[in-house]
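*Asks:* Below is the structure I would like to discuss, written out as structure tokens.
The values are calculated or read from the model by the stated rules, or taken from the named source; none is laboratory data. Note that this is a predicted model, so its numbers are computed, not measured. Here the Cβ positions follow ideal geometry from the backbone for every residue, glycine too, while neighbour counts run over all protein chains shown.
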Amino acid sequence: MLGLKLPTDPRWVDIAEKNIEEILTDHAFCEQKAASTALSFIVSFPEYTDLVKEMSALVKEEISHFKMVHDRILERGWVLGRDRKDYYVNKLMTLFPKGGSRTTQLVHRLLYAALIEARSCERFRLLSEELEDKELAAFYHKLMVSEANHYTMFLGFARQYGVRKEVDKKWQELLDFEAKIMKDLGKSETIHG
């Protein structure tokens, strides 16, 4: 369903299991960044009414996810750690050239967002199936469903606002590029790393 070309190395779950505090901190910041991304779509593309409506709802949802993750951090007696660079996202966002028409910029950003949500969905599925902490596994199962919905929403908007054939070609290019990035990842205690 997600179209990912390279699945996560199963050993990543073992790394995550041993570093839950780090995973939760990284996850909290991923949710905060997702809320910021939704806001940036509103600010950058206010004339796309359908998009603005969905992004308004997404901001609320993503910040509520941040709070849920933060609550789990606090329940364990920890504090939110510091944010760190997301190598995966930074590398991913180098595929498409900067510039171009506003529509092209919008489509590129929507495709990036769709893929980040797809990979998060895949990682949350692994956590939901493999974590020994059953409460946390159930939590990740619920979030996996949300991420799948976000992935399809972003991809749907890209196809709505761009030329479908071109968008699908770019989507396949992005999936291929992401698979190359993933070959070097899966060894750190981060959601995408």
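*Asks:* For the structure I just gave you, tell me whether Glu147 is surrounded by 17 or more Cβ atoms within 10 Å (Cβ to Cβ) and not in a helix (DSSP H, G or I). Please lay out each step first, then the result.
*Replies:* Values: surrounded by 17 or more Cβ atoms within 10 Å (Cβ to Cβ): yes; not in a helix (DSSP H, G or I): no.
For Glu147, the condition - surrounded by 17 or more Cβ atoms within 10 Å (Cβ to Cβ) and not in a helix (DSSP H, G or I) - is not met.
*Asks:* Go through segment 15-49 and count every residue that is β-branched (Val, Ile, Thr) and over 28 Å from Arg159 (Cβ atoms).
*Replies:* Residues that pass the stated criteria total 4.
*Asks:* Between a residue in segment 36-54 that is of a type outside the set (Gly, Ala, Ser) and any residue that is surrounded by fewer than 13 Cβ atoms within 10 Å (Cβ to Cβ) and in a helix (DSSP H, G or I), which pairs come within a Cβ distance under 8 Å, given they are 6 or more apart or on different chains?
*Replies:* Every condition considered, the pairs that remain are Phe45/Arg102.
*Asks:* Could you check segment 1-99 for helices (runs of 4 or more DSSP H) lying wholly inside it with 3 or more residues that are of a type in the set (Val, Ile, Thr)?
*Replies:* Result: 20-44, 49-75.
*Asks:* Here is a further query. Just to check your reading of the model, which residue among Phe177, Phe139, Phe157 is more than 21 Å from Lys91 (Cβ to Cβ), part of a helix (DSSP H, G or I), of a type outside the set (D, E, K, R) and touching a Leu at 6+ places or on another chain (Cβ under 7 Å)?
*Replies:* On the way: Phe177 fails: more than 21 Å from Lys91 (Cβ to Cβ); Phe139 fails: touching a Leu at 6+ places or on another chain (Cβ under 7 Å).
On inspection, the qualifying residue turns out to be Phe157.
*Asks:* Given the criterion closer than 20 Å to Leu174 by Cβ, hydroxyl-bearing (Ser, Thr, Tyr) and at pLDDT 95 or above, identify the matching residue among Thr25, Thr8, Thr103, Thr49.
*Replies:* On the way: Thr25 fails: closer than 20 Å to Leu174 by Cβ; Thr8 fails: at pLDDT 95 or above; Thr49 fails: closer than 20 Å to Leu174 by Cβ.
Testing whether each residue is closer than 20 Å to Leu174 by Cβ, hydroxyl-bearing (Ser, Thr, Tyr) and at pLDDT 95 or above leaves just Thr103.
*Asks:* Taking only segment 67-106 into account, find how many residues are of a type in the set (S, T, N, Q) and either at positive phi or surrounded by 15 or more Cβ atoms within 10 Å (Cβ to Cβ) (or both).
*Replies:* Residues flagged as of a type in the set (S, T, N, Q) and either at positive phi or surrounded by 15 or more Cβ atoms within 10 Å (Cβ to Cβ) (or both) within segment 67-106 amount to 2.
*Asks:* Among all residue pairs at least 6 apart or on different chains, which show Cβ distances below 7 Å where the first residue, located in segment 148-161, is at pLDDT 95 or above and the second is in a helix (DSSP H, G or I) and β-branched (Val, Ile, Thr)?
*Replies:* Final answer for the pair search is Ala158/Val107; Ala158/Val167; Arg159/Val167; Tyr161/Thr103; Tyr161/Val107.
*Asks:* Right, another one. If the Cβ limit is 7 Å and pairs must be 6+ apart or interchain, which residue in segment 69-97 that is of a type in the set (Val, Ile, Thr) pairs with which residue that is surrounded by 15 or more Cβ atoms within 10 Å (Cβ to Cβ) and assigned to a loop (DSSP other than H, G, I, E, B)?
*Replies:* Ile73/Leu80; Val89/His192
*Asks:* Could you please find all residues in segment 1-39 being surrounded by 15 or more Cβ atoms within 10 Å (Cβ to Cβ), closer than 22 Å to Gln105 by Cα and of a type in the set (Ser, Thr, Tyr)?
*Replies:* Answer for segment 1-39, where residues must be surrounded by 15 or more Cβ atoms within 10 Å (Cβ to Cβ), closer than 22 Å to Gln105 by Cα and of a type in the set (Ser, Thr, Tyr): just Thr37.
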